[in-house]
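Chemist: My questions all concern the structure below.
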Amino acid sequence: MIRINLLPRVPRRRLPGRRVFEIGLPLAVAAVLVVTTIWMYQRNAGVAEEVAAANREIAELQPQVDRVLELDRRIKAMREKEAVIVDLLKQQLPAASILNEFRLLIPKDVWVTSLSVPEPSSLNIEGMAMTYNAVAQLMDNLGAGRLFREVDLTVVQLEKVGPRDVVRFQVTARIDRPQATGGDRQ
């Protein structure tokens, strides 16, 4: 029988680093995992604390937020009302300027007994005058004024008031610019 020795002449040495590698690597990985886990836990605890602080702040500020939202709703409602008022003012007759203009156009011997506005752009005038010429003068003055157009005499009649004869009249006119000053307000 023949024997063959396949073993090397010198016994093999084990590498000293291999043991370190076999034990050290798992220990290092485990240490890194433990450190990472601790770091993540602390980070999560910090974030949870920040979230709790933010929730407390939200709870403290919620009444103020509700108040602001209520004020926003009220502001919106007021703006809608303001828009309605502005629209109404645009349609409103500029009474002060019309009456001021009208006052300047009335002759001295004419008395106005009634002034009405049946539509936004029309004017009815009733009154008395000493003569027909005074009524004609009133109509001429209204037609020549800057606010009135389409001046028409609808009623004219002679009446006795006390010992004097007076002319009772009714005149209609269109107001040329009904939004002269009333719609300019803002």
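The values are calculated or read from the model by the stated rules, or taken from the named source; none is laboratory data. Since we're looking at a predicted model, the values are computed, not measured. Neighbour counts run over all protein chains shown; Cβ positions are idealised from the backbone, glycine included.
Matching residues to (1) outside any loop (DSSP other than H, G, I, E, B); (2) in contact with a Phe, Trp or Tyr (Cβ under 8 Å, 6 or more places away or on another chain); (3) acidic (Asp, Glu):
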residue	(1), (2), (3)
Ser114	yes, no, no
Glu119	no, no, yes
Gly127	yes, yes, no
Gly143	yes, no, no
Arg146	no, no, no
Thr154	yes, no, no
Glu159	yes, no, yes
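Chemist: Before we move on, is Val117 assigned by TED's automatic domain parsing to the domain that holds Thr172, on the phi < 0 side of the Ramachandran plot, surrounded by 15 or more Cβ atoms within 10 Å (Cβ to Cβ) and of a type in the set (Val, Ile, Thr)? Break it down stepwise before answering.
Modeler: Details: assigned by TED's automatic domain parsing to the domain that holds Thr172: yes; on the phi < 0 side of the Ramachandran plot: yes; surrounded by 15 or more Cβ atoms within 10 Å (Cβ to Cβ): no; of a type in the set (Val, Ile, Thr): yes.
When the stated conditions are applied, Val117 does not pass them.
Rundown of residues vs (1) among the small types (Gly, Ala, Ser); (2) under 30 Å from Lys160 (Cβ atoms), yes/no style:
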| site | (1), (2) |
| --- | --- |
| Lys81 | no, no |
| Leu104 | no, no |
| Thr113 | no, yes |
| Leu123 | no, yes |
| Ala134 | yes, yes |
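Chemist: Looking at Pro94, is it modelled with pLDDT under 85 and in contact with a Lys or Arg (Cβ under 9 Å, 6 or more places away or on another chain)? Give the steps one after another, and end with the answer.
Modeler: Values: modelled with pLDDT under 85: yes; in contact with a Lys or Arg (Cβ under 9 Å, 6 or more places away or on another chain): yes.
Yes.
Chemist: Here's another thing I want to ask about it. Among the listed residues Lys90, Lys81, which satisfies the condition of being touching a Gly at 6+ places or on another chain (Cβ under 8 Å) and in a helix (DSSP H, G or I)? Don't jump to the end; show me each part of the working.
Modeler: On the way: Lys81 fails: touching a Gly at 6+ places or on another chain (Cβ under 8 Å).
Matching residue, one of Lys90, Lys81: Lys90.
Chemist: Anything in region 86-111 that is hydrophobic (A, V, I, L, M, F, W, C), within 22 Å of the chain's Cα centre (by Cα) and surrounded by 12 or more Cβ atoms within 10 Å (Cβ to Cβ)? List them, or say none. Steps first, please.
Modeler: The first filter runs over region 86-111 and keeps only residues hydrophobic (A, V, I, L, M, F, W, C), leaving 86, 88-89, 93, 95-96, 98-99, 102, 104-106, 110-111.
Still in the list and also within 22 Å of the chain's Cα centre (by Cα): 86, 88-89.
Selection gives Val86, Leu89.
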